[in-house]
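Peer 1: Mind having a look at this structure? Questions to follow.
The values are calculated or read from the model by the stated rules, or taken from the named source; none is laboratory data. All of these numbers come straight from a predicted model, not from anything done at the bench. Please note: Cβ atoms are built from the backbone with ideal geometry, for glycine as well, and neighbour counts cover all protein chains shown. Note: areas computed on protein heavy atoms with side chains; ligands, DNA, RNA excluded. Shrake-Rupley method; radii C 1.70, N 1.55, O 1.52, S 1.80 Å.
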Amino acid sequence: MTNHRGRAATALAGLVATATVGLAVPAAAQPKASPLQTSLHTSKVALLTGPGSINETDVRYRVRGTDLGIMWSDQRGNLLTAFGDTFGANWTGSGSGAGTTSPARQDWRSNTLARSGDQDPSHGLAFDFVTDRPGHAKELVPSLKRDNDEVSTIPTGGVNLDGRDYLAYMSVRHFGPSGGKWITNYSAVACSDDGGQTWVSAPETRRPNTTAFDDHFQMISYATRDGFVYVFGTPNGRFGSAYLARVPERQLLDQTAYQYWTGASWQRGSSTIAAPIMPGPVGELSVRYDPALGSWLTTYLDESRHAIVLRLAPQPTGPWSPEIQLATAGTYPSLYGGFQHPASHGTDIYFTMTQFSQYNVSLMHARLPRNVLDVLPGTVPAVPVGG
């Protein structure tokens, strides 16, 4: 993504710091600090992309710089990982080069995808990029690469259903002058029936942004359970609240089949009826259900803290626990992302993290304390998730 998108503010004092810096949010929206902060241990497992990475992507696929790393499993035993703005041989390093020079000179691709049969994240993640020619990572969903029109088409979530892969993405119109702010034209879904080699955008899935640029589902993350796809959405940028919809797995592309969580029940209709399930600032959600914990887990960037945080809930509708900080800019300057690895299990959380200063992706590991469920709120929603 663009250099404005990943810009970090002053580093925080340490991993357990809870002071708010940068853009403040109202006191009522500030989650209370988790009592588990001092029990966390987070470490970098491996650098996944760029020069010096375990995958040697600069040499093997002309990927010198990239970000995000959104992961999901398919039905072939593969792990798919989607990346954002990707740059090749003439990229000069230190931040994204999106829009600064010609796309051809930087070998700018708005999105790329890697596949892996490696199911053990404890030693890293070995993968191969989908290519359009030998030794060159392929752009999946093209973009105009024109500021104030369509700068890029950036992945936000992925899921595999009945052998078909679905990639949620946003069409970015313009990146703002400060970190975490940008505006989108629309969000949409692209599909692949050949393991991610070729993708076709589904026009019926386009969600145009509002004239106020505050549509609730411009950035979408997926999670599946009990025959439903749970669709977690945020507005463009990193400062909005999180919203929730659900749809039967076989109807993911049919927007008329979506039900939105209103705060009291599931209802069909316009996405404007959705009520926030988590107050902002919520940036780049990643959500999954963990059977070992019997809990839903979400990770995201809290831009006000400059920290990747974790929250837990008994249901996707909530109530969500206080934020547990997994990593902060004090230890990992200019961090963002925080996308969970599907092989995370119980108290072992693996996630991808980008550092804008390096503009490449690392795999991280956080070990939660055994009493992590103690932070779960005691109230369960009156309407069950399957109701």
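Peer 1: Please report, in Å, the Rg and the Dmax of segment 139-257, where both are computed over Cα atoms only.
Peer 2: 14.1, 42
Peer 1: Could you do me a favour and compute the accessible area per residue for the chain, 1.4 Å probe, result in Å²?
Peer 2: Spelled out: the 1.4 Å probe surface of the chain, per residue, equals 36 Å².
Peer 1: Then there is this: Per the helix-only calculation at 222 nm, which mean residue ellipticity applies to the chain, given -39500 (n - 2.57) for every DSSP H run of n ≥ 4 and division by its residues, nearest 500 deg cm²/dmol?
Peer 2: Value at 222 nm, helices only, nearest 500: -500 deg cm²/dmol.
Peer 1: How long is the gain from Asp149 to His345 if the chain were fully straight, where each residue apart is worth 0.36 nm and the alpha carbon distance is subtracted?
Peer 2: In short, 66.4 nm is gained.
Peer 1: Within segment 312-346, name every residue whose backbone N is under 17 Å away from a label modeled 7 Å from Cα of Asp226 along the Cβ vector.
Peer 2: 313-320
Peer 1: Which three semi-axes in whole Å describe the equivalent ellipsoid of the chain, each the square root of 5 times a Cα gyration tensor eigenvalue, listed largest first?
Peer 2: 28, 24, 21
Peer 1: In nanometres, what is the gap between the two model label sites at Gln197 and Asp162, each 7 Å from Cα along Cα-to-Cβ?
Peer 2: Once both label points are built, they end up 2.3 nm from each other.
Peer 1: Sticking with this one: Let me check I've understood the local charge: for Pro316, count other residues with C-beta under 12 angstrom from its C-beta, Lys and Arg +1, Asp and Glu -1. What total comes out? Working shown, then result.
Peer 2: On the way: positive: Arg225, Arg246, Arg288, Arg311; negative: Asp226.
Here the count lands on +3.
Peer 1: Let me ask you something else. Highest GNM mean-square fluctuation, the chain, Cα pairs closer than 10 Å: which of Thr211, Thr131, Thr86?
Peer 2: Top of the fluctuation ranking is Thr211.
Peer 1: Okay, next question. Determine the gain in length on full extension of the stretch Glu204-Thr262; use 0.36 nm per residue of separation and subtract their C-alpha separation, reporting nm with one decimal.
Peer 2: So the chain would gain 18.5 nm between Glu204 and Thr262.
Peer 1: Exposed loop trypsin sites (Lys or Arg not before Pro) only (DSSP loop, at most 14 other Cβ atoms within 10 Å): please give the longest stretch of the chain free of them, not including the sites.
Peer 2: Answer from the scan: 77-369.
Peer 1: Between Asp120 and Ile54, what is the label-to-label distance in nm when each label sits 7 Å out along the Cα-to-Cβ direction?
Peer 2: With each label point 7 Å from Cα toward Cβ, the separation is 1.1 nm.
Peer 1: Taking 7 Å along the Cα-to-C-beta vector as the label spot, tell me the Ser271-Asp132 distance in nanometres, rounded to one decimal.
Peer 2: 2.7 nm
Peer 1: Additional query: Once phi is turned into θ = phi - 60°, what whole-Hz ³J(HN,Hα) does the Karplus curve with 6.51, -1.76 and 1.60 give for every residue of segment 278-293, x standing for Gly and Pro?
Peer 2: Taking θ as phi minus 60°, the curve returns 8, x, x, x, 10, x, 6, 5, 9, 9, 7, 9, 10, x, 5, 8 Hz for segment 278-293.
Peer 1: On to the next question. Sort His174, His216, His41 by accessible area with a 1.4 Å probe, largest first.
Peer 2: Numbers: His174 60, His216 35, His41 105 Å².
From most exposed to least exposed: His41, His174, His216.
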